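The values are calculated or read from the model by the stated rules, or taken from the named source; none is laboratory data. Only a predicted model underlies this, so the values are computations on that prediction, with no experimental measurement involved. Glycine also receives a Cβ, built like all others from the backbone with ideal geometry; neighbour counts cover every protein chain displayed. SASA here: full protein model, heavy atoms, side chains in, ligands and nucleic acids out. Shrake-Rupley method; radii C 1.70, N 1.55, O 1.52, S 1.80 Å.
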Amino acid sequence: MSILLIGDFTETEYATWSSRLLLHLPGNEPLVQATREYDKRAVRVALVANPPAGSLSSLPNLRFIQSLWAGVDQLLSDASLPTDIPLARLVDPAMTQAMVECAIAQVFYLHRQLPTYLKQQSERMWRQLAQPLASDRSVGVLGLGALGLPVARALAALGFPVVGWSLNPRKDTSIESYHGTDGLAKVANKSRILINLLPLTSQTARILNEALFQQLPTGAALMNLARGGHLVERDLLAALDDQRLTHAVLDVFNAEPLPADHAFWTHPQITVFPHVAATTDPASAARIASENIAAFFAGRNVSGLVCRSRGY
Ligand code: NDP
């Protein structure tokens, strides 16, 4: 029996992941790599990071799939993915901390009006803008999961009024939150900065669109830290053009890398990041994935178990 490592890795990345995983995986099951020869019948566990479509359907004894990425939208879009094999996504405190740091940095970038001051500097313009405090700038967070909730709490602790949105009603009251379609309008109405941390599913695809932008306060800013498929790019450009939105910070895109001729690169009201809000750290991810495999075979709770019907 063996554990298969398979993803869109370079040979160097395979080597990094293998060495990290070998520190934590139980010693009795060899780790095999998809780019080398291996016995498909021996594979009990697949450790995956955007594996080629169809690659997991030919493993007859597969019992558990562990994603090394937090988002599983691409994996679930593979129609041949076995539906009866439990699938876990990565839930990693190191990644959560990175996402919290990123969200705080970007909220202050927008809150302290750095895009405007940087533009003024490029024009040698000395102009002092009004200085609202955090308590004057409400922030909305779409998605209150492993990443969204800690982001919401960290921003609330810094004095921003925070509202959040989830699929199901939340029992804890640490963050003012709403759910369902009506709830989205309430969150949008209150969000001078709107942060997207939803998973990409059939229900959330293209959710950052004209209708939602119309519900934001005029002059709001958008931050998409989740997936490019959430955003209707044309609607964003129109909302920026008519000043409904003042700025967008985008970390994720429909096409990655963002094509060199894409309008976003040079748009004065868009800040582009190359999908770096919270990257997977192989050191911590290897430990968590290994612990999850051990938990699965011991019949204990597995972290990040994906519900196939919900899509996240
Ligand atoms: P979780 O699964 O932990 O949380 C998802 C949240 O979204 C939950 O609160 C869930 O509601 C809510 N949600 C899901 N569907 C809907 C819906 N239809 N309507 C309203 N709310 C909904 O995900 P994570 O927090 O771990 O990650 C979120 C996403 O962030 C990932 O899927 C990935 O795409 C992206 N990501 C981006 C990174 C980057 O570097 N840019 C890095 C890592 C992740 P409920 O609580 O009711 O279940």
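Let me make sure I get this right: for region 199-270, a, b and c are the square roots of the gyration tensor eigenvalues over alpha carbons, sorted descending. Under 1.5 in a/c it's rounded, otherwise prolate if a/b > b/c, else oblate. Which is it?
Oblate.
Any idea what log10 I(q)/I(0) is at q = 0.10, 0.11, 0.17 Å⁻¹ for region 21-133, Debye with uniform C-alpha scatterers and no solvent?
Computed log10 I(q)/I(0) values: -0.52, -0.57, -0.89.
Comparing 189, 168, 224, which has the greatest mean-square fluctuation in the GNM of the chain with Cα pairs linked when under 10 Å apart?
Among 189, 168, 224, the largest GNM mean-square fluctuation belongs to 168.
Which longest uninterrupted range of the chain lacks any GluC sites (Glu not before Pro) assigned by DSSP to a loop state (not H, G, I, E or B) and surrounded by at most 10 other Cβ atoms within 10 Å?
Longest stretch, sites excluded: 124-312.
Counting residues in region 75-149 as N, plug N into 2.2 N^0.38 Å and put the Cα Rg over that result.
Against the empirical 2.2 N^0.38 Å value, I get 1.76 for region 75-149.
Once a ≥ b ≥ c are taken as the square roots of the eigenvalues of the Cα gyration tensor of region 136-219, is the result rounded (a/c under 1.5), prolate (a/b larger than b/c) or oblate (a/b not larger than b/c)?
Cα axes put region 136-219 in the oblate bin.
Starting from the Cα-Cα distance between residue 122 and residue 303, subtract it from 0.36 nm times their residue separation and give me the gain in nm to one decimal.
60.4 nm
According to a simple spin-label model (label point 7 Å from Cα along Cα-to-Cβ), what is the distance in nm between residue 11 and residue 112?
That separation, rounded to one decimal, is 4.6 nm.
Please compute the modelled spin-label separation between residue 133 and residue 1, points set 7 Å along Cα→Cβ, answer in nm with one decimal.
In this crude label model, residue 1 to residue 133 measures out at 6.0 nm.
Under 29 Å between alpha carbons, and skipping anything fewer than 8 positions from residue 171 in its own chain: which lysines qualify?
186, 190
From the C-alpha gyration tensor of region 93-192, pull out the three semi-axes of the equivalent ellipsoid (sqrt of 5λ each), sorted largest to smallest, in whole Å.
After diagonalising the Cα gyration tensor, the semi-axes are 29, 16, 11 Å.
Among 20, 44, 234, which one shows the highest mean-square fluctuation when the chain is modelled as a Gaussian network with alpha-carbon springs under 10 Å?
234
Can you give the accessible area of residue 24 in Å² (nearest 10), computed on protein heavy atoms with a 1.4 Å probe?
Solvent-accessible area, nearest 10 Å²: 80 Å².
Per the 1.4 Å probe, what fraction of the accessible area of the chain, in percent, lies on carbon and sulfur atoms?
Roughly 53 percent of what the probe reaches on the chain is carbon or sulfur.
How big is the chain on each of its three principal axes, counting only the C-alpha atoms and giving the largest first in Å?
Taking the Cα atoms of the chain, the three principal extents are 66, 44, 32 Å.
Residues of the chain: accessible area per residue at 1.4 Å, in Å²?
Dividing the accessible area of the chain by its residue count gives 49 Å².
Excluding ligands and nucleic acids, what accessible area in Å² is computed for residue 117 using a 1.4 Å probe, to the nearest 10?
Estimated to the nearest 10 Å², residue 117 gives 80 Å².
For the chain, what does -39500 (n - 2.57) per DSSP helix run (n ≥ 4), summed and divided by total residues, give at 222 nm, in deg cm²/dmol to the nearest 500?
Taken over the chain, the calculation gives -9500 deg cm²/dmol.
Would you calculate the separation in nanometres between label points at residue 244 and residue 63, each defined as 7 Å from the Cα along the Cα-to-beta-carbon direction?
A separation of 5.3 nm, rounded to one decimal place.
How much length, in nm to one decimal, is gained on full extension between residue 279 and residue 291, taken as 0.36 nm per residue of separation minus their Cα-Cα distance?
2.3 nm
For residue 249, enumerate residues with amide H under 5 Å from its amide H, sequence gap 5+ or separate chain, H modeled in the peptide plane.
222, 223, 224, 271
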